[in-house]
1. Using only protein heavy atoms and a 1.4 Å probe, report how much of Glu210 is accessible, in Å² to the nearest 10.
2. Can you give the log10 of the normalised intensity I(q)/I(0) at q = 0.11, 0.13, 0.15 Å⁻¹, computed with Debye over equal Cα scatterers of the chain?
3. Can you list residues whose amide H is under 5 Å from Leu81's amide H, if they're 5+ apart or on another chain and H is modeled 1.01 Å from N?
4. Taking 0.36 nm per residue of separation and subtracting the Cα-Cα distance, what length does fully extending Tyr123 through Val49 add?
5. Could you point to the residue in Asn189, Pro61, Met237 farthest towards the positive end of the stretch 4-259's charge dipole, with +1 and -1 charges on the Cβ of Lys/Arg and Asp/Glu respectively?
6. Give me the percent relative contact order of the stretch 4-259, please, defined on Cα pairs under 8 angstrom at least 6 residues apart.
7. Under 17 Å between alpha carbons: how many lysine pairs meet that in the stretch 4-259, if sequence neighbours fewer than 8 apart on the same chain are excluded?
8. Whole number in Å², please: accessible area per residue of the chain, 1.4 Å probe, ligands, DNA and RNA not counted.
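The values are calculated or read from the model by the stated rules, or taken from the named source; none is laboratory data. Just so we're clear, the structure is a prediction, and the values are computed from it rather than from any experiment. For neighbour counting, all protein chains shown are included, and Cβ atoms are generated from backbone atoms with ideal geometry for every residue, glycine included. Note: areas computed on protein heavy atoms with side chains; ligands, DNA, RNA excluded. Shrake-Rupley method; radii C 1.70, N 1.55, O 1.52, S 1.80 Å.
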Amino acid sequence: MVIANYHTHTTRCNHAKGSERDYIETAIEKGFEVIGFSDHTPQPYPPDVRSRIRMDMSQLPDYVETLLKLRDEYKEEIRVLIGYEVEYSTAYFEKLLTELGKYPYDYLIMGQHFVPDEVTGFYTGAATDEEEKLAVYTDLVIEGMETGKFLYLAHPDLIRFTGDPEVYTNHMRRIIAHSVQNHYPLEVNMYGFTDYRWYPNDLFFSLASEMGASFVFACDAHDPELVRQPEESVEFMEFLNRNNIKAFENENLLQKLQTLQK
Ligand SMILES: [Zn+2]
Ligand SMILES: [Zn+2]
């Protein structure tokens, strides 16, 4: 059973609903022991660029303060963590760390929605059969993992490749090999089940399972009602376990939190 969820959003990203308190109370009701908020990070883009899918940098203090208060209020019932879902980019990552570091937080997860970044790049989830896009996505994800700043890799299979499955597995194998060597858990994004998305991708996860990767299941909740473990995820756990009986990481990640470099 999933008892920790490290992937929860807030209304600041402009495409989620409900209050932080609603997410926390649902998590308690559903038996979670850990709820980590990892809203889409603000990004230090040039002043004329405005992203509509993330909070503004000016909202950082409110995000952190709201969660610190709730963490304290609910401390007897659940562990509340403060994090961010971050696109890694060579252009903005260092500056971003400086901005985020002005306030306390517990972790970052990498969710690579844009390559090489949102300002100049393409959306990872747009269907494509171009190997070049798959290759640059893979390179960027590995570069991001190599920074050592991330707790895990969110929806590694967000890239929506519609070309030759062999080309797909050749590149995905590079991400998975890196994750196995460096003990980077790969996220099974349960929002994909509830929203009928193209991920979790069976091909990706059967390969990852064969290669000995470890997995973390996450709600990627943009709605308090989705702080739960959907039925499909139970089947998916069985599917992964056929090849790989390694424990899922949801509980062990708390230890990794301690070792993350900020
Ligand atoms: Zn989102
Ligand atoms: Zn997310």
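1. Accessible area of Glu210: about 130 Å².
2. Reported log10 I(q)/I(0), two decimals: -0.56, -0.80, -1.10.
3. Ile35, Gly36, Phe37
4. Details: separation 74, 0.36 × 74 = 26.64 nm, distance 1.60 nm.
This chain segment gains 25.0 nm when fully extended.
5. Pro61
6. Values: 442 pairs, mean separation 49.8, N = 256.
Taking the mean separation of contacting Cα pairs over the length of the stretch 4-259, I get 19 percent.
7. On the way: Lys30/Lys75; Lys95/Lys149; Lys102/Lys149; Lys149/Lys256; Lys246/Lys256.
So the count works out to 5.
8. Details: 11530 Å² over 262 residues.
About 44 Å² of surface per residue is accessible.
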